[in-house]
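Beneath this line is the structure, given in structure tokens, with notes to follow.
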Amino acid sequence: MTDVFQSNQESRSDSTNHGASTRRTKHTICRACHAGCGVLVEIEDGRPLSVKGDPDNPLYGGFCCVKGQNMAEVQSSPHRLLNSQKRLPDGSYVPIPVEQAMDEIAERLRKIQSESGPRAIATYSGTMATNAGAANGAVTSAFLKAIGSRMGFNSNTIDQPGKMVAAALFGNWMAPPTPFEEANVILLVGCNPLVAMSGGIPHTNPGRTLTDAIARGLKLLVIDPRRSETARRAHLHLQAKPGEDVPILAGLIRIILGESLHDAEFVAEHVEGLEALREAVEPFTTERVARLADVSEEDLIETARTFATHGPGVAVGGTGPNMSGHTTLFEYLLRALNTLCGRWQRAGDAVAEPACLGQAMPAKAQAVSPTPQYAYGFGEKMSVRGLANTAAGMPTAALAEEILQDGERQVRALISHGGNPVAAWPDQLTTIEAMKALDLLVQIDTKMSATAGLADYVIAVKHPLEMPGITLTQEYLSAYAAGFGTTAPYAQYTPALVEPPEGADVIDDWVFFYGLAERLGVELVLKPVSFSGTVRVAGHALDMQERPTTEDLFDIVTKGSRISLDEIRRHEGGRIYPDPPVYVEEADLDWAGRFDMGNAAMMDDLRAIAAQSTISNLNTKGSRKEAWPFRLISRRQMNVLNSVGRDEPGQNRGRPTNPAYLHPEDLAELGLTRGELVQIRSSRASIPAIVEVDSHLRRGVISMTHSWGDVPERDAEVRTIGSNTGRLSAVNQDFERYTGLPRMSNIPVSIERQVK
Ligand SMILES: Nc1nc2c(c(=O)[nH]1)N[C@H]1C(S)=C(S)[C@@H](COP(=O)(O)OP(=O)(O)OC[C@H]3O[C@@H](n4cnc5c(=O)[nH]c(N)nc54)[C@H](O)[C@@H]3O)O[C@H]1N2
Ligand SMILES: Nc1nc2c(c(=O)[nH]1)N[C@H]1C(S)=C(S)[C@@H](COP(=O)(O)OP(=O)(O)OC[C@H]3O[C@@H](n4cnc5c(=O)[nH]c(N)nc54)[C@H](O)[C@@H]3O)O[C@H]1N2
Ligand code: SF4
Ligand SMILES: [Mo]
């Protein structure tokens, strides 16, 4: 393959000469979040000047958010690491050549492995590991396999792990759910796609997409304790108490079944367990759910009827309810609701979004029976809380405890990549203790993040504009869950567009794992990406003598793709590949697969919740006499991605903190005014915060963005670095038994003025 960095095709880009300097506009893929917008970057003398939307892009149509627009500034940010760092015994850091860092780290890994075995070595891949490089995940998996460790963790299991676990318990459909473009109704439970670019509305310019859809008659239903940006545009917004989503979904299902609004024919043909579900939702009467969630009975009934009768359409869940205590049961009921209403594509329907960089998959109108043996509790066991591998991956919420426990199964080395455990994991105090207890912590990052500040080595990597990219992650998102991803078979490739700043010693992320493998004398076998797990393509052994390029890796991970990568490379501005169209086929004649709506563990959980939710829980406003009168809930903000970008002036726009938002009447009752410093306490810990007013909240909740702040020693800097809500979670209390996920939203807290 040609060296694409050198041979940047100017095909669809313009190039102007301003005196001696050259200014060019190039197409690229924004990699500042998962949405992968097709954007334009202006480059002068090899430096990126600005990033903006590409009005000619066939899918994103000119969209580019503030994070994307700031990509050029981030590339040359003064906070950026241009050299890897090594921690000295006094805690200070010195630059170290990356090849030397790899020598030293490999040596330390070799020692740990020989003393404690490969299980003592774990990896953690965070959001930017996936966003920044489409082949990163495949290389990390190959590395772990090569050294014989199954301790690969990622941010999936501290996000919405119930999505995959519930799919394994419920079963799957061999064709997609109703595509957004065909939906007449969308029910969003605790997600805010207008800000998060995540589920519910396609992430390709969601604001405009929603406006167009409402104009053609889409009804939007939202359940959120906050009148979120998305809820403000809803036909009906249930401003429910947080943490009551399971009763709400059970109540909606009960109404739909009671009024026979479900798709009885579809259910009879493809579903088992209906009667078990019918029985388990029986206690969730409309009256009871209305009181539990503090919403009106009329609104519950209207939500159920609109969703069931105004179809097609889908119900989608977000991080809010997934983090409020019952991720698996919540997602299971959501699947049940969609399936009861028959919201899957049928024979003859056109598949809206066949893979481009993935392999062509036949679509069939048939259910794949559940695989509960691969839902949770299988494979590699954790030493704590009875947890093990899950359909969403190894339970990250238990990794800190695993590191801290003594004995043979202790994890001694962690390579954390494009994630920020100290900022993002639940239970910050336990996480910090674990990071300090490790014999070796390596952080792969572009900045001295909160986790980098505790690492033995920090590996400095390239900025996305310095690396080629492909839209593989975006295709994966469409396969992730109903209502996620885009709406068209779109693919884009971008070459690397600029060189790293002068004097930088930075590598493509995956090169670090390759470099370790070289030194440890093991071979990396890369697996082409397979979205459904049903297509098996042989692994590809990497050349361990001559280092491959990132382009080579792209060829390997997209092997067998429906559209050839070379074809996609020819259209740098991104393209939609509709041909040949893919239609859902009839079910196989002898097909016996069925969904299971009545999984025993799920029905037990539902019964337990029915037994618990008594009238004593019905306090809606939060009484001042309670120890924990408020509920702290999570929210995302437009300009910052988790812990990324909050220190960039172009993104924080002069507001470098994550305020604690409260309803104006709650503030008044507490005698607080906006801008005041408070202390927020949970049963686990406390954090400082700056209060801010938000009339869109329901009373009794505090709404705050996660992943801000740093270690507790820096709490006094709350006005300039924010504070860390993860500290309020307790990993070993009130956690979900399948995934180990503790409460990260709907956390019981108190709030008081802090005297400085
Ligand atoms: N309380 C609470 N906690 C939460 C959540 C919540 O809603 N509430 N959300 C959870 C969710 S959904 C998730 S996904 C996790 C996120 O958890 P993580 O993925 O662990 O956290 P991020 O902040 O996304 O980490 C990104 C890291 O990548 C670095 N980085 C930035 N740019 C680049 C780059 O170009 N290349 C590389 N290699 N690194 C880069 C950043 O400096 C940062 O250290 O947090 C979870 N934590
Ligand atoms: N701009 C931006 N975009 C992002 C991110 C970011 O940090 N910034 N993060 C990315 C990541 S890692 C992810 S996983 C996605 C997440 O995307 P989303 O899941 O859409 O996350 P949020 O925008 O936080 O929306 C969660 C909503 O749930 C509500 N909520 C909180 N608790 C409850 C509850 O108990 N019940 C109900 N019904 N609602 C509740 C909150 O008020 C909030 O409006 O976003 C991604 N996109
Ligand atoms: S939504 Fe995400 S991919 Fe699109 S411009 Fe913003 S940061 Fe970039
Ligand atoms: Mo996430």
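Residue count for region 130-168 satisfying the condition of being of a type in the set (Val, Ile, Thr) and over 27 Å from Thr549 (Cβ atoms): 3.
No other residue among His310, His270 is closer than 30 Å to Pro489 by Cα, more than 25 Å from the chain's Cα centre (by Cα), surrounded by 21 or more Cβ atoms within 10 Å (Cβ to Cβ) and at pLDDT 95 or above apart from His270. The residues on offer are Glu546, Glu475, Glu551, Glu502, and the sole one that is farther than 30 Å from Ala175 by Cβ and in a helix (DSSP H, G or I) is Glu551.
Within region 490-499, being open to solvent by 10 Å² or more (accessible area, probe 1.4 Å) and within 12 Å of Glu353 (Cβ to Cβ) holds for one residue alone: Tyr490.
Taken together, the residues in region 133-163 that are open to solvent by 10 Å² or more (accessible area, probe 1.4 Å), among the hydrophobic types (A, V, I, L, M, F, W, C) and over 16 Å from Arg412 (Cβ atoms) amount to 4.
Does Arg227 satisfy the condition of being away from ligand 4 (no atom under 16 Å from the Cβ) and either within 17 Å of Pro321 (Cα to Cα) or under 23 Å from the mean Cα position of the chain (by Cα) (or both)? Yes; evaluated as a whole, the condition is true for this residue. If you check Val185, Val165, Val222 for being within 14 Å of ligand 2 (Cβ to nearest atom) and not basic (Lys, Arg), only one passes: Val222. Evaluating Asn389 against the criteria (1) polar (S, T, N, Q); (2) touching a strand residue (DSSP E or B) at 6+ places or on another chain (Cβ under 7 Å); (3) open to solvent by less than 10 Å² (accessible area, probe 1.4 Å) leaves one unmet condition, (3). Working only within region 336-374, note down all residues that are open to solvent by 40 Å² or more (accessible area, probe 1.4 Å), in contact (Cβ under 8 Å) with a residue 12 or more places away in the chain and over 26 Å from Pro580 (Cα atoms). Within region 336-374, Ser369, Thr371, Pro372, Tyr374 qualify.
To keep it simple, each residue is scored yes or no on (1) more than 16 Å from ligand 3 (Cβ to nearest atom); (2) under 19 Å from Asp159 (Cα atoms); (3) not in a loop (DSSP other than H, G, I, E, B).
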{"residue": "Leu188", "(1), (2), (3)": "yes, yes, yes"}
{"residue": "His203", "(1), (2), (3)": "no, yes, no"}
{"residue": "Thr211", "(1), (2), (3)": "yes, no, yes"}
{"residue": "Ile214", "(1), (2), (3)": "yes, no, yes"}
{"residue": "Val222", "(1), (2), (3)": "yes, no, yes"}
{"residue": "Glu229", "(1), (2), (3)": "no, no, no"}
{"residue": "Arg232", "(1), (2), (3)": "yes, no, yes"}
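Put simply, of Ser729, Ser682, Ser686 the only residue that is among the hydroxyl-bearing types (Ser, Thr, Tyr), free of Cβ contacts under 8 Å to residues at least 60 places away in the same chain, within 16 Å of ligand 1 (Cβ to nearest atom) and touching a Lys or Arg at 6+ places or on another chain (Cβ under 9 Å) is Ser686. Looking at Val644, Val693, which one is hydrophobic (A, V, I, L, M, F, W, C), within 30 Å of Asn70 (Cβ to Cβ) and either open to solvent by less than 20 Å² (accessible area, probe 1.4 Å) or touching a residue at least 40 places away in the same chain (Cβ under 8 Å) (or both)? None of the others qualify; the one that does is Val644.
Can you tell me which residue among Gly386, Gly407, Gly393, Gly419 is on the phi > 0 side of the Ramachandran plot and in contact with a Phe, Trp or Tyr (Cβ under 9 Å, 6 or more places away or on another chain)? Answer to the check: Gly393. Taking every residue in region 156-182 that is under 20 Å from Pro421 (Cα atoms) and of a type in the set (Ser, Thr, Tyr) and pairing it with any residue that is open to solvent by 10 Å² or more (accessible area, probe 1.4 Å) and more than 16 Å from ligand 3 (Cβ to nearest atom), at least 6 positions away or on another chain, the pairs with Cβ-Cβ distances below 6 Å are Thr157/Gly393.
To keep it simple, each residue is scored yes or no on (1) over 13 Å from Thr390 (Cα atoms); (2) in a helix (DSSP H, G or I); (3) away from ligand 4 (no atom under 16 Å from the Cβ); (4) touching a residue at least 12 places away in the same chain (Cβ under 8 Å).
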{"residue": "Ala101", "(1), (2), (3), (4)": "yes, yes, yes, yes"}
{"residue": "Ile105", "(1), (2), (3), (4)": "yes, yes, yes, yes"}
{"residue": "Tyr124", "(1), (2), (3), (4)": "yes, no, no, yes"}
{"residue": "Gly137", "(1), (2), (3), (4)": "yes, yes, no, yes"}
{"residue": "Lys145", "(1), (2), (3), (4)": "yes, yes, yes, yes"}
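If you go through region 722-756 and keep only what is among the hydrophobic types (A, V, I, L, M, F, W, C), open to solvent by 20 Å² or more (accessible area, probe 1.4 Å) and either part of a loop (DSSP other than H, G, I, E, B) or out of contact with any strand residue (DSSP E or B) (no Cβ under 9 Å at 6 or more places or on another chain) (or both), you end up with Met744, Val755.
If the condition is being open to solvent by less than 20 Å² (accessible area, probe 1.4 Å) and β-branched (Val, Ile, Thr), then region 442-485 contributes Val442, Ile444, Thr451, Val458, Ile459, Val461, Ile470, Thr471.
Summed over region 41-71, residues that are buried (at least 22 other Cβ atoms within 10 Å of the Cβ) and either more than 16 Å from ligand 2 (Cβ to nearest atom) or in a strand (DSSP E or B) (or both) total 7. Is one or more of the residues making up region 424-431 part of a helix (DSSP H, G or I), hydroxyl-bearing (Ser, Thr, Tyr), within 22 Å of Met323 (Cα to Cα) and under 19 Å from the mean Cα position of the chain (by Cα)? Checked region 424-431: no residue is part of a helix (DSSP H, G or I), hydroxyl-bearing (Ser, Thr, Tyr), within 22 Å of Met323 (Cα to Cα) and under 19 Å from the mean Cα position of the chain (by Cα).
The values are calculated or read from the model by the stated rules, or taken from the named source; none is laboratory data. Please read these numbers as outputs of a predicted model, since none were measured by experiment. Don't worry about glycine lacking a Cβ; one is built from the backbone with ideal geometry, like all the others, and counts go over all protein chains shown. Areas reflect the complete protein model, heavy atoms only, side chains present, ligands, DNA and RNA absent. Shrake-Rupley method; radii C 1.70, N 1.55, O 1.52, S 1.80 Å.
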